[in-house]
């Protein structure tokens with residue numbers, strides 16, 4: 001006979017059936033069994049007491065182990081179930097406690113000493129499990145909408161995952177659904193069907209205002225919109241592919257057309273732009289990429305409700321001048337316009353005729369910030385922000401005369417200008433010289449149309465221009481354009497230029513600016529002519545406390561850059577930003593000079609995420625008496641870095657773009673009032 005190693009303790013405590021086979025030992029066996037049973041009950045009593053004490057000390061796992069042992073020893077008694085359920089209740093796990101109480105009530109007889117206690121504790125657990133934190137329904141609605149819900153909600157709710165706050169209570173659900181911006185859902189990448197699934201989206205369809213997703217493999221959009229009434233859907237962002245059917249999409253758009261105001265659609269090559277325009281009459285914003293840019297056949301059709309239009313990945317044929325003029329003529333109310341790739345630059349000179357109230361223009365390659373366009377009608381004519389790309393696309397260049405005319409046309413409203421491109425000045429009608437527009441060819445070559453202003457006659461002043469960025473422009477072609485702009489923009493406050501552009505003519509123009517407070521310098525590796533920039537810095541050094549220059553941003557630091565030793569002598573400099581991926585040991589003496597100078601410096605940025613920095617890069621700056629904010633980017637924060645940072649006397653804010661251990665952060669928090677962590681660049 002095989003002896004079992006895993007023995008059930010309860011089997012050892014069962015009453016022994018005595019027969020004649022036991023002989024004279026029968027009574028002794030019965031007595032021994034009784035003794036074991038009494039010992040087991042005493043043992044269980046002690047285990048139960050210990051489990052209670054452990055739970056009171058929040059050692060719940062150990063307490064549950066003891067409760068499990070009680071159930072194993074005396075499975076027919078309610079004490080083990082009661083002990084385990086009570087521990088779950090102390091943890092706040094009332095549902096788990098109810099389940100244990102139910103098992104106990106099924107496993108033990110009603111005559112059991114603990115049966116009634118199991119019933120009573122079960123009722124209490126059910127009551128506690130039904131309680132909900134319902135503070136939201138007691139707060140004013142505006143506080144819930146503006147302060148609480150935005151902190152709870154993710155960027156979007158996945159349609160196939162339960163969003164817990166909607167299921168806390170009816171009060172919570174009611175308040176969340178009362179928010180004016182509605183719910184934002186994402187269906188993910190759907191490649192099967194909309195006939196089933198996405199139950200949470202269907203349930204809350206009337207409250208959904210924004211919906212996004214990627215649709216593949218012949219999935220029909222009308223299947224989704226036929227399942228529920230999306231009566232408040234305003235924003236729809238869809239991506240497809242070559243398999244996405246045209247008719248079901250159009251039918252689906254028709255079902256939501258009454259409320260749809262913003263549509264982003266991409267990778268639907270079978271969808272023509274006119275399909276969308278004719279199906280969705282209430283659009284105010286349309287962003288289309290990789291669709292067939294065919295307009296309605298009737299040239300008289302207009303879409304005055306649309307104020308934002310973005311069109312991407314247009315074919316070369318669609319970007320022809322005739323087709324572009326047809327497209328522009330359809331949208332008389334545009335406030336912002338985005339187009340990529342870059343069409344012919346001649347289009348710039350007629351935009352004002354078709355888009356008289358256009359405020360923001362992205363022309364050519366995508367530029368950072370395009371997704372954050374937010375403009376409001378102001379009743380004024382003229383472009384406020386212009387971002388002219390196209391250089392990286394290597395598709396086209398800007399004709400010199402087109403640029404001059406465009407900028408002249410918008411001289412009274414232009415506030416910021418970014419330019420990334422190449423300029424063709426061959427056979428140009430005008431040239432830019434000493435900050436002025438000069439005619440250099442016969443009138444028969446004039447690009448001006450009837451009624452256009454002549455920049456050589458009326459002059460050009462950019463009184464509102466506050467920022468220019470030519471950092472991404474083609475070298476050696478923009479110098480005269482930059483000089484013209486700066487010379488005629490007396491209120492310019494910020495410039496971002498390639499180092500090679502800051503020659504004497506540009507530097508002289510910059511010196512005349514009374515409000516220039518920020519200079520961003522992008523270095524050209526092959527250029528070592530620093531005369532212009534040295535001239536500019538020397539002027540501001542001589543200005544002393546009267547200098548307006550308060551911020552310098554550079555993407556390279558080296559003792560070989562001749563203008564860098566001038567930085568410590570700038571008395572009004574408040575912000576210094578070294579956005580670099582590496583700093584070498586030979587820069588430490590230069591850092592030391594800067595730390596001893598720059599008396600007004602309040603904010604310093606050293607490095608970028610993952611930057612390679614020397615060990616002692618922070619030490620020179622600990623002596624600076626005015627530095628209040630430091631942003632530090634590196635691979636990691638070392639112990640030496642942390643010790644050095646603790647010696648900064650007036651540092652109020654430390655921003656870290658690097659890995660830092662919890663121990664080092666704890667040390668820093670004891671010395672610096674505010675620590676901000678950035679997860680990435």
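The values are calculated or read from the model by the stated rules, or taken from the named source; none is laboratory data. Keep in mind that this is a model prediction, so the values were computed, not measured. Counting neighbours? That spans all protein chains shown, and the Cβs are built from the backbone with ideal geometry, glycine included.
For (1) closer than 27 Å to residue 551 by Cα; (2) buried (at least 19 other Cβ atoms within 10 Å of the Cβ); (3) touching a residue at least 40 places away in the same chain (Cβ under 8 Å), each residue gets a yes or a no:
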residue: 619; (1), (2), (3): yes, no, no
residue: 624; (1), (2), (3): yes, yes, no
residue: 634; (1), (2), (3): yes, yes, no
residue: 641; (1), (2), (3): yes, yes, no
residue: 648; (1), (2), (3): yes, yes, no
residue: 657; (1), (2), (3): yes, yes, yes
residue: 663; (1), (2), (3): no, no, no
residue: 666; (1), (2), (3): no, no, no
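Would a scan of segment 478-498 turn up a residue that is more than 22 Å from residue 411 (Cα to Cα) and modelled with pLDDT of 85 or more?
Yes, some residue in segment 478-498 is more than 22 Å from residue 411 (Cα to Cα) and modelled with pLDDT of 85 or more.
I'd like to know if segment 421-440 contains one or more residues that are crowded, with 22+ Cβ neighbours inside 10 Å, at pLDDT 95 or above and closer than 30 Å to residue 315 by Cβ.
Within segment 421-440, none of the residues are crowded, with 22+ Cβ neighbours inside 10 Å, at pLDDT 95 or above and closer than 30 Å to residue 315 by Cβ.
Could you list, in sequence order, the residues of segment 41-51 that are at pLDDT below 90 and over 19 Å from residue 115 (Cα atoms)?
Once the filter is applied, which keeps residues that are at pLDDT below 90 and over 19 Å from residue 115 (Cα atoms), segment 41-51 yields 42, 43.
Looking at 101, 81, can you tell me which residue is buried (at least 18 other Cβ atoms within 10 Å of the Cβ), within 30 Å of residue 170 (Cβ to Cβ), in contact with a helix residue (DSSP H, G or I) (Cβ under 8 Å, 6 or more places away or on another chain) and modelled with pLDDT of 90 or more?
101
Give the number of residues within segment 551-565 that are closer than 21 Å to residue 492 by Cβ and touching a helix residue (DSSP H, G or I) at 6+ places or on another chain (Cβ under 9 Å).
So the answer is 3.
Among strands (runs of 3 or more DSSP E) lying entirely in segment 411-478, which contain 2 or more residues that are closer than 25 Å to residue 357 by Cα and in contact with a strand residue (DSSP E or B) (Cβ under 8 Å, 6 or more places away or on another chain)?
In segment 411-478, 416-419, 467-469 are the strands (runs of 3 or more DSSP E) which contain 2 or more residues that are closer than 25 Å to residue 357 by Cα and in contact with a strand residue (DSSP E or B) (Cβ under 8 Å, 6 or more places away or on another chain).
Would you pick out the residues in segment 45-58 that are over 18 Å from residue 121 (Cβ atoms) and either crowded, with 18+ Cβ neighbours inside 10 Å or touching a residue at least 60 places away in the same chain (Cβ under 8 Å) (or both)?
Selection gives 47, 54.
Looking for whichever is closer than 22 Å to residue 418 by Cβ, touching a strand residue (DSSP E or B) at 6+ places or on another chain (Cβ under 6 Å), without any contact (Cβ under 8 Å) to a residue 60 or more places away in the chain and surrounded by 17 or more Cβ atoms within 10 Å (Cβ to Cβ) here; the options are 348, 361. Which one fits?
On inspection, the qualifying residue turns out to be 361.
State all residues of segment 574-613 that are surrounded by fewer than 16 Cβ atoms within 10 Å (Cβ to Cβ), out of contact with any strand residue (DSSP E or B) (no Cβ under 8 Å at 6 or more places or on another chain) and not in a helix (DSSP H, G or I); if no residue qualifies, say none.
584, 599, 600 - these are the residues of segment 574-613 that are surrounded by fewer than 16 Cβ atoms within 10 Å (Cβ to Cβ), out of contact with any strand residue (DSSP E or B) (no Cβ under 8 Å at 6 or more places or on another chain) and not in a helix (DSSP H, G or I).
Please work out if residue 652 is closer than 20 Å to residue 575 by Cα and exposed (fewer than 15 other Cβ atoms within 10 Å of the Cβ).
So residue 652 fits the description; yes.
Do we find that residue 147 is touching a residue at least 24 places away in the same chain (Cβ under 8 Å) and over 18 Å from the mean Cα position of the chain (by Cα) in this structure?
No.
If a residue must be surrounded by fewer than 16 Cβ atoms within 10 Å (Cβ to Cβ) and either touching a strand residue (DSSP E or B) at 6+ places or on another chain (Cβ under 6 Å) or part of a loop (DSSP other than H, G, I, E, B) (or both), how many such residues does segment 494-522 contain?
3
For segment 59-118, what are the residues that are farther than 13 Å from residue 47 by Cβ, without any contact (Cβ under 8 Å) to a residue 12 or more places away in the chain and in a helix (DSSP H, G or I)?
Within segment 59-118, 61, 96, 99, 106, 116 meet the criteria.
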